[in-house]
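Any read-out appearing in this document is the output of simple, stated calculations on the displayed coordinates, not a laboratory observation. As the structure is a computational prediction, the values presented were derived from the model and not from experiment. All Cβ positions, glycine included, derive from the backbone under ideal geometry; neighbour counts span all protein chains shown.
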Amino acid sequence: MEYSQLCNGYLQEQQPWTHAKTAEGMPICSTIMFTAINALYMLCVLLEPFMPSFSAKVYEQLAIERILEHETIIGQYKVDPTILTRLVKTGHKIGKVGPIIKEIPITDADKWKASFGGKGTKPQDQ
C-alpha cells in the first residue's frame, strides 16, 4: 500500500492538471502522465494476486491486455529499475476511464465493520 500512496503523492505533487492548461505545459503534463501510467501498471502487477478485480478493471481502462510477462515484471525490476519507464509504450492510447472502487458512505461504516470486522466487532453508537 505504500507504493500506491507514493503514486498518489506523485500525482498530487506534480499536478499535471495545472500544466495541461497551457501549450508550454503540455510536454511536462505528458511526462507526468507517462510516469503515472507506468507506475499504475506496476501497481496492478503488485496487487493482482490480492485484488484481481481491481487490476483487471485498471488493465481494461488502460487498454492493456494482461499477458504472461506480468508475472515476471517484479523480478525484472530488481535487475533493472528503469523497467518502470518501459511498461506502457510512448503513444499508447488508454481506454474509457471511470471509477474503479465504489466509495462506502461513512453512514455504512458501522454496518460494514459489524459484517466484516471479525469477532468482537459491533456497531458503535453514534
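A few notes on this one:
- For the chain, the residue among T82, W17, A114 whose Cα projects farthest onto the positive side of the dipole built from Cβ charges is A114.
- Loop-located GluC sites (Glu not before Pro) in segment 1-109 (DSSP state other than H, G, I, E, B) with a sparse environment of at most 12 neighbouring Cβ atoms within 10 Å: E24, E65, E103.
- Values (1) 16.2; (2) 14.1; (3) 17.0 are given for comparison; Kirkwood radius over Cα pairs in Å, derived from the coordinates here, is the one labelled (3).
- At most 10 other Cβ within 10 Å, DSSP loop - chymotrypsin sites (Phe, Trp or Tyr not before Pro), segment 1-71: F50
- 3J(HN,Hα) from dihedral phi, segment 51-60, Karplus parametrisation 6.51/-1.76/1.60, rounded to Hz, x for glycine, proline: 9, x, 5, 4, 4, 4, 5, 5, 4, 4
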